[in-house]
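The values are calculated or read from the model by the stated rules, or taken from the named source; none is laboratory data. Nothing here was measured: the structure is a model prediction, and the numbers come from that model. As a convention, Cβ positions derive from the backbone with ideal geometry for all residues, glycine included, and neighbour counts pool all protein chains shown. Quick note on the areas: whole protein, heavy atoms, side chains included, nothing else; ligands and nucleic acids left out. Shrake-Rupley method; radii C 1.70, N 1.55, O 1.52, S 1.80 Å.
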Amino acid sequence: MSPRVKPPFRADHVGSLLRPERLLRARDEHAAGRLTAEQLRQIEDEEIAEVVAMQEEVGLSSATDGEFRRTSWHMDFLYQLDGVEQGTDRSLKVQFRNERGELEFTTPDLQVTGKIGLSKTIFGDHFTYLTKQVKTATPKITIPSPGMLHYRGGRAAIDEKVYPDLAEFRADLAAAYRKQVRALADLGCHYLQLDDTSLAYLNDPKQRAQIAARGEDAEHAHLQTIELINASLRDRPETLSVTTHMCRGNYRSSWAAEGGYDFVAEALFNELDVDGFFLEFDDERSGSFAPLRFVPKGKTVVLGLVTTKHGELESKDALKRRIEEATKYIDIDQLCLSPQCGFASTKEGNELSYEQQVAKLRLVVETAKEVWG
């Protein structure tokens, strides 16, 4: 079986990691005015250096900064695009649920009030610091897909005076992302991941009903997102590997949507111009492996079989059986293994310990070695 020298790797992970208590306390102190921005930055630097070392110690071939400098996996990025403003009088609310009930994720709303553009490389300094910390792993940076800007607020979040035609909005957004992608590549980035929950959410009939209720074409929304991402990646350098991660929500060990990838699968796998797909398959709400039959040769699927929602450790034998089950629909050489999502898509993190997180990452590495060599 061929080794993977380019991303995604046989043993990989989505990106976000549990924030250390020291970092969370520092953020609170900074918000209260008792810690300067420089002091907070120093603590972030130190904690990122430690978490990079942890990823390399467990044997991962990629390493992220754990998204330690962010509050949210996507909003921190989207707020920095030209033309996007953080709402002051309205909140964005997303309903999540888990085995114990429902909870609500609330963040300041976002509004498109001007022409979309990119005045600076977003998270460029984050990536540069990460590259200085890695010794053996490939530094990986994650950013939200351009599709998330429209999906979060819909037409109502985009000023019609600025963009009477959404086609112009999408064109400007794609152009801003192309500039961002080129800038990251110029900084030495070889591994970029675009996170897009919408392409997973749209498999859930309830989510499509919500999109339809706000007057949008829910049956074809995934096609528009695929087209937008492809336009955003156009002319990217050959040295840059790009993956996308698609989950059904991840906030304090809860989720927002359910259902397999069936609704989007054929268009997604055949038309989205990325090198690999991180897909969650950690429980029954994720559906079956059957949609993988649409994955063409040359594309890689990273099976998210190890859950980040709780700390109980999966068995290697169970993971191997699941991988074997997936090979009914896709060649094993096109597969890799990872946790199903990040461990902390927001600063709060999921309900497991640091030690349990490390054990799960180590399990991914050990299982991948036994399966692929």
Inset, instruction - Taking the residues in segment 26-46 that are in a helix (DSSP H, G or I) and among the aliphatic types (A, V, I, L, M) as candidates, determine which candidate is nearest to TYR129 (Cα to Cα). - result: ILE43
Legend entry - Segments classed as helices (runs of 4 or more DSSP H), wholly inside segment 124-231, with at least 3 members that are under 21 Å from GLU280 (Cα atoms): 147-153, 198-201, 205-213
Legend entry - Given (1) over 14 Å from THR244 (Cβ atoms); (2) surrounded by fewer than 23 Cβ atoms within 10 Å (Cβ to Cβ); (3) free of Cβ contacts under 8 Å to residues at least 60 places away in the same chain, number of the condition LYS299 does not satisfy: (1)
Legend entry - Flag for LYS316 being in contact (Cβ under 8 Å) with a residue 40 or more places away in the chain, over 21 Å from GLY249 (Cβ atoms) and open to solvent by 40 Å² or more (accessible area, probe 1.4 Å): yes
Legend entry - Number of positions in segment 240-279 that are in a strand (DSSP E or B), open to solvent by less than 10 Å² (accessible area, probe 1.4 Å) and at pLDDT below 95: 2
Inset, instruction - Those residues that are among the aromatic types (Phe, Trp, Tyr) and open to solvent by less than 40 Å² (accessible area, probe 1.4 Å), I need them from segment 350-372; list them, please. - result: TRP372
Inset, instruction - Kindly indicate whether any position in segment 48-59 is in contact (Cβ under 8 Å) with a residue 40 or more places away in the chain, open to solvent by 50 Å² or more (accessible area, probe 1.4 Å) and in a helix (DSSP H, G or I). - result: yes
Inset, instruction - Assess whether TYR191 counts as being under 17 Å from GLN80 (Cβ atoms) and in contact with a strand residue (DSSP E or B) (Cβ under 9 Å, 6 or more places away or on another chain). - result: no
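Every residue, every condition in (1) touching a Lys or Arg at 6+ places or on another chain (Cβ under 7 Å); (2) not hydrophobic (A, V, I, L, M, F, W, C), yes or no:
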residue	(1), (2)
ALA221	no, no
LEU228	yes, no
LEU233	no, no
ARG236	no, yes
HIS245	no, yes
ALA267	no, no
GLU271	no, yes
VAL274	no, no
Inset, instruction - Return the pairs, sorted by first residue and then second, in which the second residue is outside any helix (DSSP H, G or I) and basic (Lys, Arg), the first residue lies in segment 179-204 and is under 23 Å from ARG4 (Cα atoms) and open to solvent by 10 Å² or more (accessible area, probe 1.4 Å), the beta carbons are less than 9 Å apart, and the residues are 6+ apart or on different chains. - result: ALA185/ARG236; HIS190/LYS6; HIS190/LYS140
Inset, instruction - Confirm whether LEU118 is in contact with a Lys or Arg (Cβ under 7 Å, 6 or more places away or on another chain), aliphatic (A, V, I, L, M) and under 30 Å from GLN210 (Cβ atoms). - result: yes
